[in-house]
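S.K.: Could you have a look at this structure, given as structure tokens, before my questions?
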Amino acid sequence: MKFIDFTSKNRKNTIELLLILAVVGIVFAISLLWSVKPEVYARDFLPENTVFYYEFNDIDNLSQDKYGLFDYSVPMSHAERINEILAEQIVELEGLIWFKVENVEESSYLIKLSDYTDGLLESLRANHPDLYYNRLSKDILLISELESIANNPTKVVVGRFNVNYIAKGINIYVDLRHTPEFLQKLTDSLSTTVSDPRVFINLSDNNINIYQTQYFDDTNKFVEQSDLYTYARQPKDFDFAIGTSQDSTLNFRKFISQNILLAIFDSLPYHNLSLDDLETYFLEESIVWQREDAWLIAKKEDWQPIANQFAKTFEVSEHKKLLPDGTLYIEYVESGTPAVTQHQYHAQSYWQIDGLHGWQVDLVYYLSNDEDMIKEIIDQGTLLGDSLADCSQGKEYYINDFMILDPNELPEGDLRAYLNSKNIKQLNMFGYFNHVSTGILICE
């Protein structure tokens with residue numbers, strides 16, 4: 001046999017062997033994937049008709065009585081009840097959900113255990129015969145005051161209980177049409193601002209996250225975050241900042257204009273602006289920063305054509321005229337547009353009209369009554385998006401509107417008094433959305 005024939009045949013056999021091994025490897029890998037069971041969560045067993053649940057994610061720190069939003073003793077009493085029921089098994093507790101279903105006053109609980117002890121159900125039934133029990137999976141236990149709930153667990157995972165899920169702190173879900181009494185004060189403040197009665201609330205060490213699920217089946221209808229929030233530069237130090245977009249709610253704009261902007265701008269030279277003027281110029285897809293008496297506004301529209309409406313002085317021209325009796329008089333006529341002065345600073349050009357200064361970069365136009373603020377963002381302005389990311393808990397959010405402020409800079413009122421009573425030094429509040437949820441995130 002010729003050497004070339006020998007090597008050709010062996011090469012063919014080798015290729016066939018490699019192909020067989022590859023196929024076997026793929027089949028083995030697929031079998032491994034099928035054999036790995038997905039992790040099961042307690043929330044996967046919440047019934048479709050759940051109208052309220054309260055989930056403790058951090059068992060070692062069950063109480064989050066930091067913000068005083070409601071009477072925490074109520075959910076804590078249910079945590080203590082489960083502690084009593086499980087007795088020595090409480091050390092295995094990893095997660096707890098207290099929940100209620102529609103038109104039922106009785107409570108039910110979903111419990112996740114790190115280690116399930118044989119004979120636990122028998123022990124629970126013997127020691128607490130007034131309750132009903134069902135082991136739903138290897139480490140999930142259902143306890144209920146109603147036999148019908150314990151014996152008929154849901155067989156379908158409800159999507160809205162898994163969307164935008166936050167695996168830390170305390171999670172609350174409430175249907176505002178069936179609010180528990182201890183949450184009534186909190187939900188009353190939400191009822192006029194939400195589009196859907198089903199609301200989720202997450203409380204963690206430094207955040208309050210209030211959100212609702214939403215779906216965009218048609219991606220063409222989904223509007224992403226404004227370029228303004230992506231490219232806007234902000235000054236290093238400021239007393240407060242407020243941002244609005246085309247999706248900002250009317251209630252948010254009214255609250256900002258009446259409680260914050262009017263109080264600030266009333267002390268500035270432009271006090272003659274009406275509430276409509278404020279909303280038009282300052283609250284239509286814009287960002288406002290304020291530092292003592294100075295302010296800076298960013299928009300996607302050129303400020304220069306409308307800056308004359310804010311100017312205090314105008315150029316005038318003299319016109320000599322005669323009265324009917326022949327008396328000569330001089331009439332001073334406003335030129336219509338104030339003088340525009342151009343300035344150069346660090347290779348950047350900015351303009352001045354009266355006491356106003358404007359600059360444009362990266363599709364964003366800035367207007368300020370303080371020249372130093374313009375120079376500051378030219379020099380070292382940080383991107384607004386960087387500061388927004390610090391509050392987002394690792395989630396991919398688009399920002400609708402936001403407010404960053406020192407409570408002491410707020411006008412006197414209930415909001416300022418509440419924030420000071422909770423010793424909150426700085427409040428960061430963002431209205432956000434993504435493809436599956438929309439909400440408000442409040443951070444310190």
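S.K.: Calculate I(q)/I(0) for region 42-213 by the Debye formula, one identical point scatterer on each C-alpha and no solvent, and give its log10 at q = 0.15 Å⁻¹ to two decimals.
M.R.: Here log10 of I(q) over I(0) equals -0.84.
S.K.: Using θ = phi - 60° and the Karplus relation 6.51 cos²θ - 1.76 cosθ + 1.60, list the HN-Hα couplings for region 145-154 in order, rounded to whole Hz, with x at every Gly or Pro.
M.R.: 7, 10, 5, 5, 6, 5, 8, 10, x, 5
S.K.: What are the ³J(HN,Hα) couplings of region 155-165, residue after residue, when phi is run through the Karplus curve with 6.51, -1.76, 1.60 and θ = phi - 60°? Round to Hz, x for glycine and proline.
M.R.: Karplus-based 3J(HN,Hα) across region 155-165 equals 10, 10, 6, 7, x, 5, 7, 10, 6, 6, 5 Hz.
S.K.: I would also like to ask the following. Please give the length that would be gained between residue 363 and residue 329 if that part of the chain were fully extended, namely 0.36 nm times their separation in residues minus their C-alpha to C-alpha distance (nm, one decimal).
M.R.: Full extension of this stretch gives 7.4 nm more.
S.K.: Please list the non-local residues whose amide H lies under 5 Å from the amide H of residue 440, H modeled 1.01 Å from N, same-chain partners needing a gap of 5 or more.
M.R.: When sequence neighbours closer than 5 places are left aside, the close amide H contacts are 210, 211, 432.
S.K.: In whole Hz, with x marking every Gly and Pro, tabulate ³J(HN,Hα) for region 75-85 from phi via Karplus 6.51 cos²θ - 1.76 cosθ + 1.60, θ = phi - 60°.
M.R.: Values, residue by residue: x, 5, 5, 6, 5, 5, 5, 5, 4, 5, 5 Hz.
S.K.: Mind ranking 169-176, 110-117 by how tightly packed they are, going by the mean number of other C-beta atoms within 10 angstrom, highest first?
M.R.: Per-residue Cβ counts within 10 Å, averaged per peptide and sorted highest first, yield 169-176, 110-117.
Readers should treat all values here as calculations from the given coordinates under stated rules, not as data from a laboratory. Predicted, not measured: the structure shown is a model, and the values here were computed from it. A quick note on method: Cβ atoms are made from the backbone with ideal geometry, for glycine too, and the neighbour counts reach across all protein chains shown.
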